[in-house]
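Encoded as structure tokens, the structure appears first; notes follow it.
The values are calculated or read from the model by the stated rules, or taken from the named source; none is laboratory data. Values in this document were obtained by computation on a predicted structure and should not be read as measured data. As a convention, Cβ positions derive from the backbone with ideal geometry for all residues, glycine included, and neighbour counts pool all protein chains shown.
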Amino acid sequence: MARHTDPVCKLCRREGMKLFLKGDRCYSVKCAVEKRNYPPGEHGQRRSKPTEYAQQLREKQKMKRIYGVQETQFRTYFQKAEHQKGVTGENLVRLLEQRLDNVVHRLGFAASRAQARVLIGQGHFQVNGRRATVPSLLLKAGDAVEVAPRSRELVAIAGALEGAKKRRVPSWLEMDAANLKGVLRTLPSKDELAIPVQEQLVVALYSK
């Protein structure tokens, strides 16, 4: 599977905002957006009025980069969202929030979604008591995610939990810190889908 290999801080600078791709660093003064809040490259500081298409494209790129999915995968999620009842844009964000790597990150078991994907691939988590190694696994309401018994002393997870104290666990998730376990109580509602993306522009882009 294709993956991004350049410094991820460039992605945040390109979008002109923090996408929180590097965990604790994003909350510190070392954050690239804090130091150089303009797109990377020779012409990064030039200012021009974006076209309607450019605005739609930037919103799509932002959403892809926040959740760490590739174009083909993202388009599949969009098609699935289109066929669900309700508003397509909200359905799309909800599907991305249901991914196992996102839930692991939201619960605080990983400092970023990228780290969550690595930890999941190495078999450090269980879903409903069974080992899960697929980061894109879509969870359902009532599913339980927990750190595998052999991984409870893992330094990476302990460090992530410490750093997660700066963040709030979403209300649609329930965290049991003592047992290193979380439950997806319910699918997130519209008001709980708080990401800095105008999903209606993404829908407009794919609907052309």
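Take the residues in the stretch 180-201 that are at pLDDT 95 or above and out of contact with any Gly (no Cβ under 9 Å at 6 or more places or on another chain), then tell me which one is surrounded by the most Cβ atoms within 10 Å (Cβ to Cβ). For the stretch 180-201, the residue satisfying everything is LEU180.
Could we say that GLN122 is surrounded by fewer than 18 Cβ atoms within 10 Å (Cβ to Cβ), modelled with pLDDT of 95 or more and touching an Asp or Glu at 6+ places or on another chain (Cβ under 6 Å) here? Considered against the rule, which asks whether it is surrounded by fewer than 18 Cβ atoms within 10 Å (Cβ to Cβ), modelled with pLDDT of 95 or more and touching an Asp or Glu at 6+ places or on another chain (Cβ under 6 Å), GLN122 comes out as no.
Among residues that are part of a helix (DSSP H, G or I), crowded, with 16+ Cβ neighbours inside 10 Å, assigned by TED's automatic domain parsing to the domain that holds VAL118 and at pLDDT below 90, ALA160 is not included.
Of all the residues in the stretch 110-144, those that are in contact with a His (Cβ under 8 Å, 6 or more places away or on another chain), of a type outside the set (D, E, K, R) and part of a helix (DSSP H, G or I) number 2.
The residue that is farthest from the chain's Cα centre (by Cα), among those in the stretch 58-108 that are over 16 Å from LEU138 (Cα atoms) and among the basic types (Lys, Arg), is LYS85. You will find that of VAL118, VAL147, VAL93, the residue that is farther than 26 Å from LEU180 by Cβ and among the β-branched types (Val, Ile, Thr) is VAL93 and no other.
For PHE78, the conditions (1) modelled with pLDDT of 95 or more; (2) within 27 Å of MET175 (Cβ to Cβ) are fulfilled apart from (2). Looking across the stretch 31-57 at every residue that is under 21 Å from the mean Cα position of the chain (by Cα) and at pLDDT below 80, the one that is farthest from ASN102 (Cα to Cα) is identified as GLU34. Within the stretch 178-189, the set of residues being touching a residue at least 60 places away in the same chain (Cβ under 8 Å) and either over 19 Å from the mean Cα position of the chain (by Cα) or more than 28 Å from LEU92 (Cα to Cα) (or both) comprises just one member, LEU180. Of the residues making up the stretch 89-109, just one is part of a helix (DSSP H, G or I) and either of a type in the set (Gly, Ala, Ser) or surrounded by fewer than 18 Cβ atoms within 10 Å (Cβ to Cβ) (or both), namely GLY89.
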